[in-house]
1. Of the cross-linked pairs A:Lys216/A:Lys335; B:Lys446/B:Lys469; A:Lys147/A:Lys373; B:Lys49/B:Lys216; A:Lys239/A:Lys341; A:Lys145/A:Lys181, which ones have a Cα-Cα span greater than 25 Å in the structure shown?
2. What percent do you get for the relative contact order of region B:160-289 when only Cα pairs under 8 Å and 6+ apart count?
3. Express the carbon and sulfur contribution to the solvent-accessible surface of region A:486-645 as a percent, rounded to the nearest whole number, probe 1.4 angstrom.
4. Amide H neighbours of A:Ile92 under 5 Å, at least 5 residues apart or on other chains, H built in the peptide plane: list them.
5. For region A:413-642, what D do you get in µm² per second when you plug the Kirkwood radius from alpha-carbon pairs into Stokes-Einstein at 37 °C and 0.692 mPa s?
6. Using only Cα atoms, what is the ratio of the radius of gyration of chain A to 2.2 N^0.38 Å?
7. Which GluC sites (Glu not before Pro) from region A:261-311 combine a DSSP loop assignment with at most 16 other Cβ atoms within 10 Å?
8. Label points 7 Å out from Cα along the Cβ direction at A:Lys341 and A:Ala246: separation in nm?
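The values are calculated or read from the model by the stated rules, or taken from the named source; none is laboratory data. All values derive from a computational prediction rather than experimental measurement. We place every Cβ from the backbone using ideal geometry, glycine too, and count neighbours over all the protein chains shown. The protein model used for the area step is the full one, side chains on, heavy atoms only, and it has no ligands, DNA or RNA in it. Shrake-Rupley method; radii C 1.70, N 1.55, O 1.52, S 1.80 Å.
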Protein chains: 2
Amino acid sequence: MVNETQQSCSGSSSSRSDGSSSGSESSKDNSRCSTPVLDAERHERLREKMRRRQDAGDKWFSLEFFPPRTANAAVNLISRFDRMGAGGPLFIDVTWHPAGDPGSDKETSSMIIANTAVNYCGLETILHMTCCNQTKDDITGHLQKAKRLGLKNIMALRGDPAGEEWEEEVDGFNYAVDLVKHIRNEFDDYFDICVAGYPKGHPEAESYEADLRHLKEKVFAGADFIITQLFFRPETFLKFMKDCQAIGITCPIIPGIFPIQGYHSLRQLVKLSKLEVPQEIKDVIEPIKDNDAAIRSYGVELAVSMCRELLDSGMVHGLHFYTLNREVATTEVLKRLGIWKEDPRRPLPWAVSAHPKRRVEDVRPIFWASRPKSYIYRTQEWDDFPNGRWGNSSSPAFGELKDYYLFYLKSKSPREELLKMWGEELTGEESVFEVFTCYITGEPNKNGYKVTCMPWNDDPLATETNLLKEQLEKVNRRGILTINSQPNINGKPSTDPIVGWGPSGGYVFQKAYLEFFTSSEIVTALLKVLKKYELRVNYHIVNVKGQNITNAPDLQPNAVTWGIFPGREIIQPTVVDPVSFLYWKDEAFALWIEQWAKLYEEESPSRMIIQYIHDNYYLVNLVDNDFPLENCLWQVVEDTFELLN
Amino acid sequence: MVNETQQSCSGSSSSRSDGSSSGSESSKDNSRCSTPVLDAERHERLREKMRRRQDAGDKWFSLEFFPPRTANAAVNLISRFDRMGAGGPLFIDVTWHPAGDPGSDKETSSMIIANTAVNYCGLETILHMTCCNQTKDDITGHLQKAKRLGLKNIMALRGDPAGEEWEEEVDGFNYAVDLVKHIRNEFDDYFDICVAGYPKGHPEAESYEADLRHLKEKVFAGADFIITQLFFRPETFLKFMKDCQAIGITCPIIPGIFPIQGYHSLRQLVKLSKLEVPQEIKDVIEPIKDNDAAIRSYGVELAVSMCRELLDSGMVHGLHFYTLNREVATTEVLKRLGIWKEDPRRPLPWAVSAHPKRRVEDVRPIFWASRPKSYIYRTQEWDDFPNGRWGNSSSPAFGELKDYYLFYLKSKSPREELLKMWGEELTGEESVFEVFTCYITGEPNKNGYKVTCMPWNDDPLATETNLLKEQLEKVNRRGILTINSQPNINGKPSTDPIVGWGPSGGYVFQKAYLEFFTSSEIVTALLKVLKKYELRVNYHIVNVKGQNITNAPDLQPNAVTWGIFPGREIIQPTVVDPVSFLYWKDEAFALWIEQWAKLYEEESPSRMIIQYIHDNYYLVNLVDNDFPLENCLWQVVEDTFELLN
């Protein structure tokens, strides 16, 4: 959005009632919702969320990113999405780089980065799209793809003309307004549309006033809100906003904020945007141009004071940040403004995807708890998602996990680091036990490295799992190699900082769960012990060949997390589902080979140890159904060890 | 089944694999069930239930009734179904009386009585059907109607010929086997089919051996099991059974037991069935023929000893009783045999209907708790029933309750009795408060009559409601006229004798609920008080005109009863659903007029008092969402009274 012209010969006023009705996705729903609405925002369109925040007097922010150049940079950017997403942006947007094949399936394309943000990071996302030098069919194709991927918001831009001298194309897309009209013609009200505003007027516009008229045309053609180009003085924006209102533009106008982060990036931006930097800023920056820290510190200060003035004006409800894909400066500005809100409350115990198809999803198998992106990937072809009842899902078939190196599923850590954590050389099954134990305890391994991830879990231990740390350590040391667990919870408030989720005033519950790999010798003893526990403990035990031992009634799922809330039906977001377990089993066993064994040379002893475990161990899950009593699963394991001795 | 011929010219062996696959209704289901199976039997066909009981070594019984002559007798018979259903019959059957217009919509027809047993009493039911003197189209029409009403089992009989001398009709239905074949041809495997067996041979058969061959033909034509004509000596049945097996009849054969209940009924039966009463029985009965009690007592003794011998033989797993629509003798035999099993365990907190369409139903609004037959009636046109989530029901439209005098919905008590209970003459609203209070306390009213039913509740107070008796009395006295309530329950075992339901090993929960009529003055105060409770208490307050005050989020139902079971998803069988509440409201207000006001003369003061309440009172429901804490609803009511003082 650095260089953008918007002009139009004819402004056609749209008959659409602006934002007052929900779009085609939600209009199918009748007034009764089949999913208990735990998080009203989840079911709203972006423009509705904006209005709701404004009505409630809640200030908000949004973040702009551009697509990265390399696959590694993409992995980093996605981690950044997760981290910056934690601060609660109303949306993020991803720019459209015509040079970078933006509509393609490349890991680094605008389309795929936006797709990842929506589906895997659960962020409300706007995809930029330019129309200059593209055919109608190209544009329609991009929009169809975006819709298919679950993107619901488009920033409609003209884009930079190809040649030096720009010329109108007959019947082509010459202005952003043409793209807005095209979207409304072809996709009705499906997308929320954003357009660009220029507080100083577009550099190519005949005049400031003419530019305002063009903006009005874009809005009347169907745009829902405006994000502005960056500016350096709050009064620039406030005047622009008043001028917009004066000519009848009533939709939200969001100021674009650019925290100065360095001398060169500022110069580059100014060159591209043809904006003039005010003398008072130049005066400060020039003397410290080689001191990055000082410039950033000044930039933060400047941004904070400008944002405060904007918010204090009462005319501004949201702030849009040009992050330049960097984290520190923007985060600091947001924290100082007090609008960075790390909300410990979760709508559900797992991170919700923002794809509109998944809006009813409120139950998942527990198995993918540490690999949610893999779960989303493997269920992306589903036509509907389980809604409260796992059995209601019409397509329980899981997609193949064909490529373990799919960029958003692979480990964040490079091979060398993994070898340091998991052992350059394994000497036996016990060295594998050791790796699991170190991961649980957080203690360094014998070579002095901390084990911060495992093939089944790319992140350090969850806070909740920490509640079980002591027991987990004990059992891993003895070859019960745990990969997933949760304590039992008998009615804690939904606002509990560790195990709480959902709206306040509710109560959350859990059945104790334990999932681990272990040897056939231990399984034999375990099965004897489990007889004593009868119905109290449900188990599924399976090896890589699919030999399956269970006491689960029929193929029924067992709800292991549920919540009771005021005025709502019961929510049961996590189940132990026997059918899904067999799909998870394939993935869980494959990770031994794909992520661990393959670190070593073929035929090497280390690789053969992992291969042996893969071929001979069992994957076991245990549920203690008596959630009001003390978790008996540790006793089950202890009894098993006792029997073995 | 008193006089029945079965002969056939050709015996065709059916290719149907006998009972091993489920029928057309259940074959649509795949292996994953979308409803947690709380009660496996509920999803089985009768022949599967029979086999399961036999495999488990459980002895069972069934009960035969005939359609009553009058509507009043029908109401009594239905009460008998409810009472005798409590003993756990595997099924009941209703005979087909050609004289009584058996396929019609009359309250007393075989079809409608069987319909009531299945749908309203939740009993597995066999409808008898005869084919003699009927056209194919008539028969097909009856069968289609039976299917539509949810009947799944047919007893295929020939019926009595019309004239003195019986003649075969060309192309007509001459024998029961023709009806069996017709059912299998036209309805495939939809129905379970029962046929009659004659331990002494049919009186019209050429010989005992010929009769056995006819029976075999009926079985090979597609019958699933056999019920026998009555007999007087156990050895008669045991010989018959061995003879059946010897010629290749392998399906279940159920002995028909006739406890002698009186001299005249025995004589009548013997005459119709052309059976001979053994001399040793005649010798006992003749001397005491005028002493009904003595005869019945002898009959019970005789039946018990015969049943014991049959069960002890190891060849008999179930006993079929000819009740003659009487309760005492059969119940006593069953109790003495130890196979009358009043199982306090309920699969769900409400009585489950046996209609196959309703097999997935596992959630209902709480409002009809005391009027389940009305709920079933009003939802009979639904194509699907809520399964786990109330919102999943595709047709939340309730049928009109057009005729309050629909025989199975009207009060069991006659007008005079109701007047004694509810007052011959009302002197003001307070006399209405008094009626409500007497119903709660069980104390006689000032005229010395106990109030054992109310327009909203045809039965005395439920055991569970008794837990709240003291508080209920207090508030009714002051004009909070309660019609429905439940205490809060925070995780009691599912086997709890009062509030438990579902399989053992589970935990049940409830939110406290209170529903009442009250004056607008009290409502005004109540609303002020409720503000203090914020989200803790959800309320719906509505008057007869539909003015509706609520703090429920959107139109979401509030789950007020739920259960957590080993290896299963959460079950939430009762909800407070805001949409259904408006349908219930119509019914609840109408009951004031239809059942109460209309007891009095038009324009009489008593009638005007009820009319005033109907026109001016509000119907209120309150839910305390904080189920782990002490029920706050009594405090809410107390605060309201305090505010009023």
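1. Too far apart for the 25 Å limit: A:Lys216/A:Lys335; A:Lys239/A:Lys341.
2. Across region B:160-289, relative contact order equals 21 percent.
3. The C+S portion of the solvent-accessible surface of region A:486-645 is 50 percent.
4. Distant-sequence amide H within range of A:Ile92: A:Leu63, A:Glu124, A:Thr125, A:Ile126.
5. Rounded to a whole number, D works out at 177 µm²/s.
6. 1.06
7. When the GluC sites (Glu not before Pro) of region A:261-311 are filtered for loop state and at most 16 Cβ neighbours within 10 Å, A:Glu276 remain.
8. 3.5
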